[in-house]
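First the structure, in the form of structure tokens, and then the observations on it.
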Amino acid sequence: MTQRTPLMAGNWKMNLDHHQATHTLQKLAWTLKDAKHDYSAVEVAVFPPFTDLRSVQTLVDADKLQITYGAQDLSAHESGAYTGEISPAFLAKLGVTYALVGHSERREYHAESDALINKKVHSALKAGLVPILCVGEDLDTRRAAAHVQHTLLQLEAALADVTAEQVRTLVIAYEPVWAIGTGETATPEDAQEMSEAIRVRVGELYDAETAAAVRVLYGGSVKSSNVASIMAKPDVDGALVGGASLDPEEFAKIARFQ
Ligand code: PEP
């Protein structure tokens, strides 16, 4: 059976300037080195604002931190006349491992379509970045009991022309929009239902090996107090954490999911 390393991803959103980011990352690194707990079986990643990435890279490299980092978004284009956009190749040069793609705040506030998200998945993969593809339904869709169908359609659209080999490396984050930043958490059963549905659909679109390899995260008001029950579910391989990742001690507690 494929071993999927749990991934705890902290999305800092538009918080922490580069001084604050350095300080927060240092505190997180000290906390993760605490000999009382073993973090060796989990991957911890942070997603700072673009303007912090160079400082994060310097700190991670200088102190050889066991923390990976990613971008919160990226351009669908490689280079050229796209004012204000950030090239995936530039991110790769900064040692970035991951890129969030299709976060619900991008879909909602920047009108990102499934077609654009698919282009961004391809541009990330082309630059050697691992996309963390965010999918999930809003409250009306859940109330209409159309959440699984809605989320799987987002998934299929985002994966158009992506190969099985590529899908095996990528990460999918199920984030019900109604649970992001609201304090409302989906139940562990909700998280499992969708994570399993995503894995089954990846198996149908590709093959069993690909379905077993892809990591599926849950995101939406994850805290140290609720992470254990969510992580106990067999198809949940980690968490995408917003607000709670800004506190290094709380995020470290989440990373050991107890
Ligand atoms: C997120 O931004 O992806 C997120 C899940 O935020 P929060 O944990 O604050 O709900």
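The values are calculated or read from the model by the stated rules, or taken from the named source; none is laboratory data. Values in this document were obtained by computation on a predicted structure and should not be read as measured data. Every residue, glycine among them, receives a Cβ derived from its backbone with ideal geometry; neighbour counts consider all protein chains shown.
Of the set (1) hydroxyl-bearing (S, T, Y); (2) over 16 Å from the mean Cα position of the chain (by Cα); (3) not in a helix (DSSP H, G or I), all apply to S221 but (2).
The set of residues in the stretch 159-181 being without any contact (Cβ under 8 Å) to a residue 60 or more places away in the chain, closer than 26 Å to T5 by Cα and within 16 Å of the ligand (Cβ to nearest atom) consists of I172, Y174, P176, A179. Of the strands (runs of 3 or more DSSP E) that lie entirely inside the stretch 74-178, those containing 1 or more residues that are touching a strand residue (DSSP E or B) at 6+ places or on another chain (Cβ under 7 Å) and under 19 Å from A211 (Cα atoms) span 130-135, 171-174. Just give me the residues in the stretch 23-55 being at pLDDT below 95 and part of a loop (DSSP other than H, G, I, E, B), in sequence order. Scanning the stretch 23-55 gives K33, D34, A35, K36, H37, D38, Y39, S40, A41.
Each residue in the stretch 170-206 was checked for being small (G, A, S) and over 18 Å from G102 (Cα atoms), and 5 of them qualify.
Among the conditions (1) under 15 Å from M8 (Cα atoms); (2) in contact with a helix residue (DSSP H, G or I) (Cβ under 7 Å, 6 or more places away or on another chain); (3) not in a loop (DSSP other than H, G, I, E, B), G70 misses just one, which is (2).
With respect to the conditions (1) within 16 Å of the ligand (Cβ to nearest atom); (2) buried (at least 17 other Cβ atoms within 10 Å of the Cβ), F90 falls short on a single one, namely (1).
Yes/no per residue for (1) without any contact (Cβ under 8 Å) to a residue 24 or more places away in the chain; (2) within 16 Å of the ligand (Cβ to nearest atom); (3) within 21 Å of P176 (Cα to Cα):
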| site | (1), (2), (3) |
| --- | --- |
| S40 | yes, no, no |
| T58 | yes, no, no |
| S75 | no, no, no |
| I132 | no, yes, yes |
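Quick check on this structure: which one of V96, V101, V44 is within 27 Å of V227 (Cα to Cα), of a type outside the set (D, E) and touching a Ser or Thr at 6+ places or on another chain (Cβ under 8 Å)?
Details: V96 fails: touching a Ser or Thr at 6+ places or on another chain (Cβ under 8 Å); V101 fails: touching a Ser or Thr at 6+ places or on another chain (Cβ under 8 Å).
Among V96, V101, V44, only V44 is within 27 Å of V227 (Cα to Cα), of a type outside the set (D, E) and touching a Ser or Thr at 6+ places or on another chain (Cβ under 8 Å).
The condition of being modelled with pLDDT of 95 or more, of a type in the set (S, T, N, Q) and either in contact with a Lys or Arg (Cβ under 6 Å, 6 or more places away or on another chain) or surrounded by fewer than 17 Cβ atoms within 10 Å (Cβ to Cβ) (or both) holds for only one of Q66, Q20, that being Q20. Checked against the criterion of being at pLDDT 95 or above and either within 16 Å of the ligand (Cβ to nearest atom) or assigned to a helix (DSSP H, G or I) (or both), the candidates E189, E184 yield just one match: E189. Of the residues making up the stretch 215-237, those that are in contact (Cβ under 8 Å) with a residue 60 or more places away in the chain and away from the ligand (no atom under 12 Å from the Cβ) are R215, M231, D237.
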